[in-house]
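Below is one structure, written out as structure tokens; comments come after it.
Every read-out reported here was derived from the displayed coordinates using simple, explicitly stated rules and does not represent laboratory data. This structure is a prediction, so every number in the text was calculated from the model and none was measured. Every residue, glycine as well, gets a Cβ built from its backbone with ideal geometry; the counts of neighbours run over all protein chains shown.
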Amino acid sequence: MILLEYLAWFSSTIRGVFLATFFVGSTGILLFFVRKPCWDLFRSLDQADYYRLAISLGHHLPKEHADALINVLQLQNQAPEHSLELWQAAIEEKQAFLKQYRWEEFIQLSELKKSFFLFLGLFAVLGIGQITFPNLFRKPSLRIWNYSFHYPKELPFDFVVVNQPFQAVAGENTEFLVELRGKNLPSEMFLHWDGERISLNPTEKAHQFRGVIPPIQVEKWMQFEAGGYFSEPQLLPLVHRPGLKEMTIHLIYPSYLKKTNETIHQAIPLKIPEGTIVRWDMTSESAQQLGIQFQNKSTVDWASPNLLKTNYQLTRTISQSTSYQVVAHNAQMPVQKSVMQPIEVILDQKPNLQTQWLEDTLYYRFRVLNALIEDDYALGQMRLGYQIKRKNAAGFSTKKTQWIPIQTGTKRFEVEYIWRLDSLGLQPGDQVHYRVEVSDQDGLHGPKWTQTSMQIWEFPELKRLEQKMDQQADQAEKQVLNSLQKAQNMKQEINELTKRVQLGKEVDLKALQEVLDKETALKKTIDELKKMQEQWMGQQMSFQQVDPTWMKKMENLQKMISQLWDPDMEKRRDALLKNWEKESATLWQKHLDQMRNQGKNMERELERLQQFYQELKVEKMLDESISRWKELAKKQEELSEKNNGKNEQDLAKQQEALNKEVEEERKKLDEIAQEKKEIPGEQDLDKEEKLQEEMEENLDNAKENLENKQSKQAETNQKKAAEKMKKLAKKLEEQQEQQESMEVALNLAQLRLLMEDLLQLSFDQERIMKAYKKIPAGDVAVRQIAQEQNKLGEMAIILEDSLISLGKKLMPLSQTITKETANMKQRMQEASRMMKERKWDIVPVRQQEAMAATNQLAVLLSDLLRQVQDQAAQAKSGKKGKSKGNSKGNWGQRQQQLNQKARKMGLQPMMITNEELIKMAEEQAQIRQEMEQKLNELQGQPGNQGLQKSLSDLIKDMDKNESDLVNKRLNNSMQQRQDQMLPRLMEAEKALKEQGEDPKRESKTALQKWKENPPPNLAPFLKRQKENRDLFQNVPVELLPYYQQKVMQYMEKIKQKLK
């Protein structure tokens, strides 16, 4: 058929018939020759087939072996007649002959050679024909295969495709230009494509046409037509553009960021932290190479392919901003590049630090740092570095660092840090150079630090600190006067109300409210006074070395102020406001008497407090003056040592400045003397006028000598002046000590006399009470008893005046003693009044109460006497000591001894004396006071609630014991209470020892507590700090940067509103 087509050039129909005949004939021949072998291959063989195979193989074997092969088949198909073993042996014998042959021996290669050479010759003839006449086979075959196309024998013109190579890109439109070249060129051209006849568009150039082939995925045949002539059909080659099918970007962030890695499934712009590892996973079907080209590199980073070259992977660590694009390449197409995508690298910036310092202008004990620290990723550490420059030192101390606790790992943190300046051991005039630093957690380059500029804080000079303390003392003294004035006004209002009640007038709620308002104002004033006293006391402990004796006075003063206000006054106030309409005139009179007595006691306490402030102020001024004179003497000696006959002018100027300081100090000494004159009962201060005049003369001479360059005379006068300054300081110190010794001795004498008077008063009251019980009601002898009772009342008034007078000299004489004194006098006067009013049943009760108040007051004065004796012993020895009888601790043992004494006295009531009862009550009070002090130390400590409750219950029981002892109630109820107390007391004492709170251990001084506890003026800041931390320090939420910024702005607005 190929030769016929070559010779005849048939039409399309006949070529189609040839192609169909070829397929049908080939299929029929193949089925004819392959049908039977395929059938034999798949069907199962029977016995006849085996016999035929054996006969066929026998043709290739010797005769005896061919017979043996057939004999084996026969034996296998026959059952054994005799022995099975003989049957099997016969088969195996026949098989042994056949095992010597191999399968290859049955193939007759000589017969196959003929067919092989026949086919080889045929293919050789075809090959030579193809080489000699290339169109003999190829073109006829193509014409038969593409029978639908027209194949002209000769064309008058040529079809020339201009754009070469002429090929189609898979999935894209293919544009082409084709020209007609030759003679008689037509004006139209068509494209035969996929069974369609498509008209081509002419271009501006003559006989040139443009066409577009739609996207294809496989190669297709095409043909041009023009003027009824057809071009040779041609197969349009198909090429694939190298491109990216899928891309996955894995972002692996640096570990120190603690940020979750991300996966992106498309090529997009990236915004990543510095040091991020980026892995591109790419897939392509047509690219032989895939890679990434960065903007700052001229070469392409080719990705690593897998075995089938379908998946590619490239990993790079990005440290700076750039852009990237995907590059694809194969052998058919040039390099293909995607759109450039930017990569923005967010560099790890330094943390941001904003600081603000809060100054402690009251004590200079601390500075509060308010700081806002921020970082783009994670905060690391924060520290405060400082160096100290002493006042007279040339250089700085070693640099030290305090680490500031922050929440590491966060991006934003508000710091509130207390810098305890009192722990640095600063002295007036010292400087602290400091700066604050904060770091991030940069895991690539190491932590980056941001620091503030160097700042300087200076501890104020001593003169300025003394002025500050004096101002605080003056304010406290003025506050005492203010409180005293308000107390007097309140007393006046109460007297007016009392007159209204006595006249039978109704009490107006408005008038009552005015009195209570003044009472509230007084309480507020006393609270402010307490705060001022705490500040004055704190300034002294912060600015100077405090003497233990002085500190004890300050503690007593603080205790006095704390006891000024009675908490029962508030309860009475509430009761009055609630039931004011229901009260009768008698009850109103009782309430008003209570208020008047309490106001009177408070007025007395305030007067005492005013005098104490004056005395303490003068004492402090004198102490400072003595220290100042010693310091001036030291300066004068140092100045005299510099006098070496040189620089007289400079020395003269220094001497003149020193003379001015001396003159100022002399004026202060005059002020001290004037202040002492204004205090009642104070001795005048001997200013040593003659000594001062001599010192002034020496100072003037020294200055004049230096101006005249008389160095030796100047040195002599300077030394004399220094000696006189020392002598003046010593004289003033001796005066102070002598006055204190005289006061202590006088106080001891007055206390002993008062103790004797109180005991005698108690004995007399007991005697009168027993005598009254023996006289029948209405008897004439009652008159004599009443006269004696009146004398006791008058004696109580005299004792009250003496105690008040002594109270103005002894600060430890607390408000409790003043209250008990007033209570004693009131009970005795009531006993006399009850006799006058013939209320016989009430008289013994008031007498018993008067005797109990007297005994209670004697116990308190006995304790005060012991304190004064201890103070006198310390003044003599110059050391801290304790009285022999004041043994601390051993509460259980001491309470057991006390219980035994009480039990013995209870068995012999007639042998009991007041002195013994007072001593026992004093011992019980001492144990109770020690327990109260320990309970105060345990307040606020976590985990001690049970122990605190136990101590509180024991203190209440001991208070009842004291009352029973004073009132001679040594009954079974007291003994039973004592027996129940003892085991609980021992358990509490054991629990204290287990916790390290030994009762024998000395309690911490006020100075120790002051140094250990936060400054009082820091309390509002600590409270605000806790509120801010609870409000703003929340667990951070993982948000996008935009929303994180919005949250921060919102929190800032809230904070500003709260402020």
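Please report how far the C-alpha centroid of the range 720-779 lies from that of the range 610-680, rounded to the nearest whole angstrom.
Computed from Cα coordinates, the inter-centre distance equals 36 Å.
What nm distance separates the two modelled labels at Gln513 and Glu723, each placed 7 Å from Cα along Cα→Cβ?
It is 7.7 nm.
Check each of the GluC sites (Glu not before Pro) in the range 197-227 and keep only those in coil by DSSP with at most 16 other C-beta atoms within 10 angstrom; list them in order.
Glu204, Glu219
What full-extension length gain, to one decimal in nm, is calculated for Asn306 and Glu638 as 0.36 nm per residue of separation minus the Cα-Cα distance?
The span from Asn306 to Glu638 would gain 110.3 nm if fully extended.
What order do you get for Thr317, Thr716 when you list them from fewest to most C-beta neighbours inside 10 Å?
Thr317, Thr716
Separation between the Lys220 and Ala781 pseudo-spin-labels, each 7 Å from Cα along Cα→Cβ, expressed in nm?
With each label placed 7 Å out from Cα toward Cβ, I get 15.1 nm.
I want to check the label-to-label distance for Val17 and Glu694. Put each point 7 Å from Cα in the C-beta direction and report it in nm to one decimal.
16.5
What is the extension gain from Val24 to Thr260, computed as 0.36 nm multiplied by their sequence separation minus the C-alpha to C-alpha distance, in nm to one decimal?
78.1 nm
Stretched out fully, how many nm does the piece from Arg197 to Lys712 gain, at 0.36 nm a residue minus the Cα gap?
171.7 nm
At a Förster distance of 51 Å, what's the computed FRET efficiency of Leu748 paired with Ser397, Cβ-Cβ distance as r, to 0.05?
For R0 = 51 Å, the calculated efficiency reads 0.50.
Return, ordered by residue number, the residues of the range 636-667 whose backbone nitrogen is under 20 Å from a label point located 7 Å along Cα→Cβ of Asp684.
Inside the label zone: 666-667.
Over the range 246-346, calculate the relative contact order: mean separation of alpha carbon pairs under 8 Å at least 6 apart, over the residue count, as a percent.
28
Would you please name the trypsin sites (Lys or Arg not before Pro) within the range 396-467 that are DSSP coil residues with at most 11 other C-beta atoms within 10 Å of their C-beta?
Answer in residue order: Lys399.
Using 1/(1 + (r/R0)^6) with R0 = 30 angstrom and r between the beta carbons of Leu73 and Trp39, what's the FRET efficiency to the nearest 0.05?
Efficiency at R0 = 30 Å is approximately 0.85.
Assuming R0 = 30 Å, what is the FRET efficiency of Trp840 and Ser973, from their Cβ-Cβ distance, to the nearest 0.05?
Efficiency at R0 = 30 Å is approximately 0.60.
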